[in-house]
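Only one structure is covered here, and it is reproduced in the block below.
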Amino acid sequence: MQALVVHGAGDLRLEERPLEPSTGPVVVRVAYGGICGSDLHYVAEGRVGAFALREPLVLGHEVVGTVEADPTGSAAPGTPVAIHPATADGTCAACRSGAPNVCVAGRYLGSAATLPHTQGGFAERIAVRADQLRPLPDGLPLVRAVLAEPLAVALHAITRAGGVAGRRVLVTGAGPIGLLAARAAVALGAASVTVTDLLERPLAAARALGATHAVRLPGEAVEPESADVVLEASGAPAAVSAAVFAAARHGVVVQIGMVPGEARPVALAPLIAKEVALLGSFRFDRELDDAIALLARDGGFHGVVSHVLPLGEAAAAFALAADPAASSKVVLELAGG
């Protein structure tokens, strides 16, 4: 089968590889896979934060498709599914406390965090555990369902914030996660949704997705204490300071975007004076089911997908995905849906 494999920084190859069990016995024919920021980092730098490539890695963790074979009998062949990319050990303190997304021994599709690496889903077929399957509702197109994994990331951040219904929401950074967070906030009843970015194209996408206000930085500004909830999706250290500045008294800032690994200055005096809560948000767990349900009832989310390219044009797809002035979510078509 064909698979998209990164061998090191700048070394992305489309290869013929045998089907290798990534985590389990259920074989899924992959239809679509969304390109994530972590995929881009592996290709550009050979690493994501502390996780460096030590062997070739099949990329991809935002994948949907149809069941081809399930020896466990949990899903009939042809069943359309999303795949939960994480497997936890179930025994660590985090798992026992109900937070498997921060499991110390967890594995994630398309990740170099462990050795051997956990091979990903940018392949014509992938083998996973039965409990990773999420059957899709009737009428949900696979090309929209491919947003379930990144939308679950956004929903987990909203959960961390205590919800957004009736609250003023600021989303900083209009990349794919920021756009999904903005649309989710609209769908979940936020009083207002403001989105900031440095570029006009992603801000236009935010407006189309229902954002109340779209603010282009640095020329425009966000009023101080104007947001009850700030979802920081850019990962820029300066944006963390700006998020605290924009948060209302007793507001909450949730950090979604992955900031650099080294120390950077952040202005925290307003956080103290306003008693702002600053929270981290890492991946998700049960929110994948919520994301699938939300995608099924709200077709507006599809506006986050800006390009769908075949697997054979992976190099062009990655170049597009790396250019926020040209794209939002770029999706690879592996078998069609």
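Only the coordinates and a few stated rules stand behind these numbers; no lab work does. Being a predicted model, the structure only gives us computed values, none of them experimental. All Cβ positions, glycine included, derive from the backbone under ideal geometry; neighbour counts span all protein chains shown.
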Problem - Distance between modelled label sites at Val266 and Ala99, nm, 7 Å Cα→Cβ extension - result: 1.5
Problem - Crossing angle, helix 237-246 versus the chain [Cα axis fit, 0-90 degrees, rounded to tens] - result: 50
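Taking the Cβ of Leu198 as the centre, find all other residues whose Cβ is under 12 Å away and add up their charges (Lys, Arg: +1; Asp, Glu: -1). Present the calculation step by step, with values, prior to reporting the outcome.
On the way: positive: Arg201, Arg216; negative: Asp197, Glu200, Glu220.
Cβ neighbours under 12 Å give a net charge of -1.
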Handout entry: Cβ-based net charge around Gly300, under 15 Å, with every Lys or Arg adding one and every Asp or Glu removing one
Key = +4
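Among the DSSP beta bridges whose two residues both lie in the chain, what percent are antiparallel, rounded to the nearest 5? Don't skip to the end; give the middle numbers.
Details: 34 of 62 bridges.
In the chain, approximately 55 percent of DSSP beta bridges are antiparallel ones.
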Fill in the blank from the handout: From DSSP H assignment alone, runs of 4+ in the chain each adding -39500 (n - 2.57), the sum over residues rounded to the nearest 500 puts [θ] at 222 nm at -7000 deg cm²/dmol
Practice task
Rank the residues Glu20, Glu225 as a footprinting-exposure proxy: fewest other Cβ atoms within 10 Å of their Cβ go first.
Solution key: Glu20, Glu225
Exercise for the section: Measure off 7 Å from each Cα along the Cα-to-Cβ vector at Cys92 and His250, then give the distance between these two points in nanometres to one decimal. Expected result: 3.5
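Using r as the Cβ-Cβ distance of His302 and Asp131, and R0 as 41 Å, what FRET efficiency do you calculate, to the nearest 0.05?
On the way: r = 28 Å, r/R0 = 0.68.
The computed FRET efficiency comes out at 0.90.
By how many nm would the segment from Ala319 to Ala44 grow when fully extended, if each residue of separation counts as 0.36 nm and the alpha-carbon distance is taken off?
Working: separation 275, 0.36 × 275 = 99.00 nm, distance 1.03 nm.
Taking Ala319 through Ala44 to full extension adds about 98.0 nm, to one decimal.
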Exercise for the section: With only Lys, Arg, Asp and Glu charged, each at its Cβ (+1 for the first two, -1 for the last two), find how big the charge dipole of the stretch 154-280 is about the Cα centre; round to the nearest 20 debye. Expected result: 220
Exercise for the section: Between Ala335 and Glu220, take the C-beta separation as r, use R0 = 51 Å, and let me know the FRET efficiency to the nearest 0.05. Expected result: 0.70
Practice task
Using label points projected 7 Å from each Cα along Cα→Cβ, tell me how many nm separate Arg207 and Ala76, to one decimal.
Solution key: 4.7
Practice task
Could you calculate the FRET efficiency of Glu20 with Ala191 from 1/(1 + (r/R0)^6), where r is the beta carbon distance between them and R0 is 35 Å, rounded to 0.05?
Solution key: 0.10
Fill in the blank from the handout: Site Arg13, offset 7 angstrom along Cα→Cβ, radius 17 Å on amide nitrogen, limited to the stretch 307-334, gives 312, 314-315
Completion exercise
Expected sort for Asp131, Asp289, Asp197, Asp70 with the fewest Cβ neighbours (10 Å cutoff) up front is Asp131, Asp289, Asp70, Asp197
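Near Gly90, within a Cβ-to-Cβ distance under 11 Å, what is the net charge of the other residues, with Lys and Arg +1 and Asp and Glu -1?
Values: positive: Arg96; negative: Asp89, Asp131.
With Lys, Arg at +1 and Asp, Glu at -1, the net is -1.
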Fill in the blank from the handout: Rounded to a whole number, the Stokes-Einstein D of the chain in µm²/s (Kirkwood radius over Cα pairs; 4 °C; 1.567 mPa s) is 64
